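Structure first, then comments.
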Amino acid sequence: MTTFQAPKGTYDLIPPESATYLAVREAISAPLQRAGYGYIETPGFESVELFSRGVGESTDIVTKEMYTLTTKGGDELALRPEGTASVLRAALENNLHRVGNLPVKLWYSGSYYRYERPQAGRYRHFSQVGAEAIGAEDPALDAELIILAVDAYRSLGLRDFRLLLNSLGDKECRPVYRAALQDFLRGLELDEDTRARIEINPLRVLDDKREAVQKQLAGAPMMRDHLCEACKAYHEQVRDLLSAAGVAYEDDPKLVRGLDYYTRTTFEFVHDGLGSQSAVGGGGRYDGLSEMIGGPALPSVGWALGVDRTVLALKAEGVELELPSATQVFAVPLGEEARRALFGVVTELRRAGVATDFAYGGKGLKNAMKSANRSGARYALVAGERDLAEGVVQLKDLETGEQSPVALDRIVEELRAKAR
Ligand code: AMP
């Protein structure tokens, strides 16, 4: 018989580590929920065209990394490679921008798919928590989102992350800069692919990781020297608001990000313990995206933080999250009568909010106690026929080893108090 393995570039989330992933998702979303962001969930696949128009025809994500499929009905679909285009599509389709106050603030959490070359920290299936604020142009909104991400990382106990910040200009100043950059790049010694990129998406050349390319870029014109007055003033306000909130940032004039839709504010969070895949999250303003996918003008800003890499960052810093133990009480029945009685207690304890598990499968005392210890429970409840005859169960503190009988009709109350 063939056995199966998870597809290349994917991995299974299994206990106990999976608890850390859940906690990370929760930690990232908690600050958003306190800031008025509502939860949105969109399908795992969308029409290919949404991404080719939204993310950009010339991006790696669209040209190389999408998982596409044709349905039996002939629809061209893609597994979602990112969240923003889908969330904006859903907001437009459901008229969220018409019925409520602007900005429409949304957060999401889910799986994303990119056909990338797998390596440490880079997977073909990964998970993000993201946030989008749709329909307002206000530097305080850009600052809000960045601060919420920083607060999320801090609440997890992360320290070695840095915020890189840039402005990509708007439809006034970016085209002028783009032309100046193209002029400069056309004079360099570059391979054919990169030369082609100059014509389609010259800003991406700045992002080239190869040293030989980076060397030649030393004198390249930079967007920050070409920002129009409005973009300059906007960016200054974002920076001031971040500083006032105690958020440190580094100006990175070469930060362009891999998606075409960004305008003005762009940012990335990098973590220094992760090696080459150091970006733990990123985002920016995307004032033109709505129109690109057929909507009205809706200036917006958002980010997505990678859950997998945040977990790796926690590991790199040696941060252990304080997770509530999955099991607080473990019940061990000795004999058939005790089994029935203790099973009832287990159900009652669970209903009272105490995380409780049971020795299933008719294990002997020794094996059952092993299971109790492995479960991480603080207390074991042991009962045999003699205990039941006396109307008690034995309550054992697995940390101290102390054991004492407790009346059967008092045990739920007692454990509820202890578990608190
Ligand atoms: P992006 O939309 O590319 O800016 O991605 C936002 C965040 O998602 C990144 O900063 C990463 O943390 C995470 N991410 C993106 N692609 C991958 C991948 N292939 N594997 C794991 N995490 C990823």
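The values are calculated or read from the model by the stated rules, or taken from the named source; none is laboratory data. Everything numeric in this text was worked out from a predicted model, so none of it was measured. Please note: Cβ atoms are built from the backbone with ideal geometry, for glycine as well, and neighbour counts cover all protein chains shown. Ligands, DNA and RNA are stripped out before the accessible areas are found, and what is left, the full protein with its side chains, is counted by its heavy atoms. Shrake-Rupley method; radii C 1.70, N 1.55, O 1.52, S 1.80 Å.
Rounded to the nearest 5, what % of DSSP beta bridges with both residues in the chain are antiparallel? Counting DSSP beta bridges with both partners in the chain, the antiparallel share is about 80 percent.
In this model, which of Lys171/Lys254; Lys315/Lys366; Lys8/Lys215 are farther than 26 Å apart at the alpha-carbon? Check vs 26 Å cut-off fails for Lys315/Lys366; Lys8/Lys215. Just checking the listed ones, Arg89, Arg285, Arg378: in the Gaussian network model of the chain with Cα springs under 10 Å, the one fluctuating most is Arg378. Is the shape of region 222-296 best called rounded, prolate or oblate, per the rule: a/c under 1.5 gives rounded, else a/b larger than b/c gives prolate, else oblate, with a ≥ b ≥ c the square roots of the Cα gyration tensor eigenvalues? Since a/c reaches 1.5 but b/c is at least a/b, the shape of region 222-296 is classed as oblate. Using C-alpha pairs below 8 Å separated by at least 6 residues, the relative contact order for the chain is 16 percent.
Reported value for region 329-419: 83 Å³ per residue, from the convex hull of its C-alpha atoms. Working from Cα positions, state the angle (0 to 90°, nearest 10) between the long axis of helix 336-351 and the longest principal axis of the chain. Here the helix axis deviates by roughly 40 degrees.
The convex hull built on the alpha-carbon positions of region 40-97 has an orientation-averaged projected area of 4.2 nm².
Can you tally the net charge around Val354? Count Lys and Arg as +1, Asp and Glu as -1, for every other residue whose Cβ sits under 12 Å from the Cβ of Val354. Charge balance near Val354 sits at +2. Secondary structure note: in region 329-419, about 55% of the DSSP beta bridges are antiparallel. Taking 0.36 nm per residue of sequence separation and removing the Cα-Cα distance, the Thr347/Asp160 pair yields an extension gain of 62.9 nm. Ellipticity at 222 nm from helices only: DSSP H runs of n ≥ 4 in the chain, each -39500 (n - 2.57), divided by the residue count, give -11000 deg cm²/dmol. Extension gain, Ala316 to Ala407, is 28.0 nm, computed as 0.36 nm per intervening residue step minus the present C-alpha separation. In this Cβ point-charge picture (+1 for Lys and Arg, -1 for Asp and Glu), region 329-419 has a dipole of about 380 debye about its Cα centre.
Positive contributions from Lys and Arg (+1) and negative ones from Asp and Glu (-1), summed over other residues with Cβ under 12 Å from the Cβ of Arg159, come out at -1.
Computed from Cα atoms, the angle from the helix 84-93 axis to the main principal axis of the chain rounds to 90 degrees. Every Cα-Cα pair of the chain was included, and the share exceeding 31 Å stands at 51 percent.
By the Cα gyration tensor, region 326-372 has an equivalent ellipsoid whose semi-axes, rounded to whole angstrom, run 18, 13, 6 from largest to smallest.
Let a ≥ b ≥ c be the square roots of the eigenvalues of the Cα gyration tensor of region 85-158; is it rounded (a/c under 1.5), or, if not, prolate (a/b larger than b/c) or oblate? Because a/c hits 1.5 or more and a/b fails to exceed b/c, region 85-158 counts as oblate.
Taken about its Cα centre, the chain carries a charge dipole of roughly 860 debye when the Cβ of each Lys and Arg holds +1 and the Cβ of each Asp and Glu holds -1.
Most simply put, region 261-420 has about 70% antiparallel DSSP beta bridges, counting only bridges with both residues inside it. Across region 267-320, the volume of the C-alpha convex hull divided among the residues equals 90 Å³ per residue. Along the axis of the charge dipole computed for the chain (Cβ charges of +1 for Lys and Arg, -1 for Asp and Glu, origin at the Cα centre), the listed residues Ile61, Gln119, Trp303 are led at the positive end by Gln119. Helix 139-155: angle to the longest alpha-carbon principal axis of the chain, degrees 0 to 90, nearest 10? The answer is roughly 40 degrees.
When the chain is treated as a GNM with alpha-carbon contacts under 10 Å, the residue of Ala23, Ala149, Ala230 showing the greatest mean-square fluctuation is Ala230. Each residue of region 155-200 gets 153 Å³ once the volume of the Cα convex hull is shared out per residue. If a/c stays under 1.5 just call it rounded; otherwise compare a/b with b/c (prolate if a/b is bigger, oblate if not). Do that for region 260-373, with a ≥ b ≥ c from the square roots of the Cα gyration tensor eigenvalues. Here region 260-373 falls in the prolate category.
How much accessible area per residue does region 329-419 have, counting only protein heavy atoms and a probe of 1.4 Å, in square angstrom? Spell out each step's value before the answer.
Details: 5030 Å² over 91 residues.
I get 55 Å² per residue for this part.
Just to verify a number: what accessible area does Lys363 come out at with the full protein assembly present, 1.4 Å probe, Å² rounded to tens? The accessible area comes out at roughly 90 Å². Taking packing as the residue-averaged number of other Cβ atoms within 10 angstrom, the listed peptides 248-257, 234-243 run from highest to lowest as 234-243, 248-257.
Accessible area of the chain with a 1.4 Å probe: how many percent of it is carbon plus sulfur?
49 percent
Computed about the Cα centre, the dipole magnitude for region 212-264 is approximately 180 debye when only Lys and Arg (+1) and Asp and Glu (-1) carry charge, each at its Cβ.
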